[in-house]
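In what follows, a structure is listed as structure tokens, so that the remarks can point back to it.
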């Protein structure tokens, strides 16, 4: 059912009007397939410029799980696994897409777990460089590791699944561990725009391009109809990436549909401007929630906010507005997620707050 | 590069204006994700009605190789393979997507191969019921077959990769073999509309729904931006199809994008009307080519036409118009493919013929 | 290097003399391949009798990881994973063999982990029925579980990787959860004999056959040259198990080599008698270690014993006797494993204790 | 059932007495696991000497399909397939073990197929360098090959599945194509001894080591209980081959069991001497069959002989002696296989001929 107002996720709407307009303006224009067209090239060039890495190699995929599966499979040898925080999307919420491609997800603790003093803080869901080092050093120190799955790459999401953000120092530290052990660092940027435009971040797109080996810029959740831009920051994309992508069922015939969208998003800073809207709206939403004394489950600096609501209140709300069930908090309370996005308006928040 | 005129394939353009209009009209409308929305339900209902199979189960995927990989993996037990003509798309041109999911493609001869008397006829690329029976009977007759890959499903494409079509009788015969041996029959309809609207077919959409166990209605090549509608004709879709789809990296977050497109295509027979345009234009194209004495490589009743052109002529054409290289014919000639589509115009053909 | 005396593992020696004699006595006898011979049938019959389950289906594989990989793949649907304690062999020490076959290992806490009060007790490495229930109930309660890997079977090892044992009550409780949620229970019995003959167990082979859906009786570590006997306790082996086994590269051409070994082990209780030797020797070893005031890392009732030794002592021992490095205990101490087996003698222990 | 006399295959018996004796003589000797022991090292050294390739890297696996699956997976990138004759064991008779590991078997014609003038000759089942070149050149010439499975290695069997042999010139030609296109050449030597000792071969073990990149020396069918020795002839074994082997479920805990067998086989030319016996007996068998006017299905120079027998005769034989059904020849005749082995005696042949 189309919902009048929903804060359930950031992928409830179509695309930014400029993208739709440009798609419409294509009319009967014809392009060659599979991302080998000039529009994709133009989009890639703009992304490389924005990242400050002229030697990067860029291509486009349709969705997040698909991108995680395909890129990780590109990075790993068959007997290697990918290291992730145990709350990482690939570890918990991709229906086994990584294992489907034959690889184990090797988990390290996520910050903010139950025994953590930061249980409700702004680090929830992050991997620490210390935990990563402990894991990797421990692996190679263990004389028996030939019977274990070798760590072959490291996966982090930024923002994390909880909307939290790494600091530049934290990314530098993780990146340093990765380079010490020759492990490519892959950053899942499904919501990257919302991280970059947070009021509380010191991390830029160029930092990410510098500190990772490959990352992706999420479009699906940030203004595009669909699409993720994969950036191999120092080059090093597989020589034949098209068969690998096709083998994963991930090759879009009309690849230029992805190019058009990213070319638009990376013209005149559109990607950043619309990301900022989600952040601005999230800040307003937080204020409004605080005014009504809602308790926050954790301290998220991005577009996803998590609050604790009584089950009684939730039953009153019913399906009048959309939110995401996150988890049960206790016998009478539930944690829900409210997500703003590139198109959220003050009026949307007003309507939401009528019910909350 | 955007090409002024190209007949290289039927996926060179965006989408039918009605689809684009509807996508535009959605504005800021919000929908729930992963194909669980009401638009997908509406589209599925229209497709079930068009197929005359109220018990069918319908869902939507993004592209053809993805659909072949995911559906075939749904049909097979792990130790089973899928039977296909050796020219079948899954056997030859999907970069090993079926094998990536652990299954062998078991090939039977395709009609029209070199020793075939119909080398240049209208059967090229089809599987015969006789060859299928020989293969399957032979398999189960062989006492040693526990060391071989069991046939677990049968794949045919209609139209085939050569634009050719099965007759209703041929489909009935293949279907009968499948039922005798309890093998689900899967029909790849990436270009289904162009097959159904051919001047030379006695096969209807209802026939296909009746004679197959699962098939898909191609959108990518027939008026949609992207998308394929999977129809489990008698029900029997996997109980939990969402995790299977997600595991394959094939779950589109904004599933309603697929629903909108197919809902539009199956309103007021749009799918059939635009398919008919491609056929009408192909007929005109054929006449014009015959007038110029081009030799046809085979006799295709659908939107893909294959002609033999001298290499000298091709060097003159250069990239002034788009065509597909198909294969070398002899030392001085080449087979090229010319494809019309839902949007091809007489003017397009005029321009093409200026160069040919 | 062949070691004069080693307690490093229970797979350092060839096979029990009766097995070797019988293999020798075969002379030039010829048998049909792939486990379809009469010797395998005889061995299966003896195992079914010993298990008290006449409807069981039994076949033989070569090694433990191979058995875990093949059987688990037989039990799971493609989108399902197997639930295991996080210290389970399949989770930690099989180089990703489960993931290689496309499945995720879903981990629940193992008893005796760091925050556990039984850190050094006799429960280390076991899965609790309570943790299993929490996991499975939580999974199906979560509305979003279609994006997660479905639990499709439960794996436990008995003895565990730490030599510890489930009580009959614990197995009953785990089995009850499995049946409630329709999850087949698979028991890894690589060291089953040593568990069954422990002085501190109330679990019999018949109990295991009754409470599990499939388990295996380890031969490699218990008197055979190699081999594991897989028992589908209520029937239900895949109809075509040979192609599944062959597909995994696990089909031994001369399958009767496995039959001969298990037929011997299950004649006149040989399997149990030689297992008892390992237990008797482990009891003596424990006494001797206690006399010398060695600290035990945990309380194992089977043939694997874990003690804490100073690094100084270990450097004195060098390679004069064999032991297994287990893990670092602190900066100056190490946990080592000492394993007795079906052939260990008092004299072996005397020699060991000269160095310890 | 144990058969009094069977010529059904060359894996009906246990092992050569010298191997059994040595296994027996081990007594309670202890060895370290997983092939890291000194016996394996000794066996590897002897094999390297016999091959004349001191830089080779050698390890041991249990069976043929397992070896093909594991080695081919070591050689290929994920998007690559292995090229084989369409009658090759990996293409036809391994239950999809190659596809299970994610790779396609790319088939080229086998010599001796129906349209071949050598239908009944001594080339049946071989790949020609010409066909290989046609395939590989055609692949890379095709502009569209990014949608196809890349050839990543070449597989041949010697002797082939039909007992036929490559000449040295033929191997040189195949090897030359492989090197030109940078494709590793892998030779399946499950019956290598029988090929090397054929009266009609000019190929030596050193030739094979020189002309291939990796091959294996079959033990299972040539005197060992089980086991195949993998030889990476120029080095280049994967750096971490143990986890790869374990991931495939192919790592034998007591790896020295393999070492003992190959160390024995490669002491004092035992492997060659016992292989010669099978050839000598096959020559006698052929004479005896010719005397009785049996028609040969093809001309095999090794231990497998294929003859055409009337179904009436076969019904008389019943199960009095063992043979392999190969295929139906016509409505009243059947092709059967008779295999000699390392232990076949003249008396065995006498008994067989009483029934034939």
Explain nothing, just the number: relative contact order of chain B, from Cα pairs under 8 Å at least 6 residues apart, as a whole percent.
25 percent
Cα centroid of the range D:249-266 to Cα centroid of the range A:222-259, whole Å
46 Å
In whole angstrom, how far apart do the alpha carbon centroids of the range A:1-46 and the range C:283-356 sit?
66 Å
Suppose we keep just the DSSP beta bridges with both residues in the range D:17-269; what percent of those would be antiparallel, to 5?
40 percent
With r as the distance between the Cβ atoms of residue D:77 and residue B:308 and R0 = 35 Å, compute the FRET efficiency 1/(1 + (r/R0)^6) and round to 0.05.
0.45
Overall dimensions of the range B:45-187 as given by Cα atoms, namely Rg and Dmax in Å:
15.4, 47
Which whole number gives the average count of other chain Cβ atoms within 10 Å of the Cβ atoms across peptide A:146-154?
5
If each residue's Cβ is checked for other Cβ atoms within 10 Å, how do C:356, D:270 rank with the fewest at the top?
D:270, C:356
Within the set B:236, B:223, B:259, GNM on chain B using Cα springs under 10 Å gives the largest fluctuation to B:236
If I take all pairs of Cα atoms in the range B:52-113, what percentage of them are more than 15 Å from each other?
54 percent
Sorted peptide list for C:48-60, B:296-308, criterion being average Cβ within 10 angstrom, highest first:
B:296-308, C:48-60
Which shape class applies to the range C:1-73: rounded if a/c is under 1.5, otherwise prolate when a/b exceeds b/c and oblate if not, where a ≥ b ≥ c are the square roots of the Cα gyration tensor eigenvalues?
oblate
With an 8 Å Cα cut-off and a minimum separation of 6 or more residues, compute the relative contact order for the range D:271-355 in percent.
36 percent
Quick calc: nm separation of the 7 Å Cα→Cβ label points for residue B:350 and residue B:319 -> 2.7 nm
Determine the distance separating the Cα centre of the range B:180-209 from the Cα centre of the range D:123-180; give it in Å without decimals.
38 Å
Antiparallel content of DSSP bridges confined to the range C:159-306, in %, to 5
60 percent
Averaged over the residues of C:18-31, the number of partner chain Cβ atoms within 10 Å of each residue's own Cβ comes to 5
For the residue A:288, residue A:182 Cβ pair and Förster radius 60 Å, calculated FRET efficiency rounded to 0.05 is 0.80
Shape verdict for the protein assembly as shown, please, from the Cα gyration tensor: rounded (a/c under 1.5), prolate (a/b greater than b/c) or oblate.
oblate
Counting only other chains, what is the mean number of Cβ atoms within 10 angstrom of the Cβ of each residue in peptide D:101-107?
6
DSSP-defined antiparallel bridges as percent of all bridges, the protein assembly as shown, nearest 5:
60 percent
Pairs of Cα atoms under 8 Å, at least six residues apart: use those to get the relative contact order of the range B:39-126, whole percent.
20 percent
Using mean Cβ contacts within 10 Å as the protection proxy, how do B:21-29, D:196-204, C:66-74 order, highest first?
C:66-74, D:196-204, B:21-29
For B:326, A:256, ascending order of other Cβ atoms within 10 Å (fewest first) is B:326, A:256
When you take every Cα atom in the range C:308-356, what is the radius of gyration, and what is Dmax, the widest Cα pair distance, in Å?
11.5, 35
Need one word for the range B:271-355: rounded, prolate or oblate. Basis is the Cα gyration tensor (sqrt eigenvalues a ≥ b ≥ c); a/c below 1.5 gives rounded, then a/b vs b/c decides.
prolate
Compactness of chain A - radius of gyration and Dmax, Cα, Å:
20.4, 63
Measuring label to label, 7 Å along Cα→Cβ, what does residue B:293 give against each other copy in nm, shortest first?
6.3, 9.4, 10.9
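Read-outs: derived from the displayed coordinates by stated rules, not from any lab. Because the structure is predicted, anything quoted here is derived from the model rather than measured. Please note: Cβ atoms are built from the backbone with ideal geometry, for glycine as well, and neighbour counts cover all protein chains shown.
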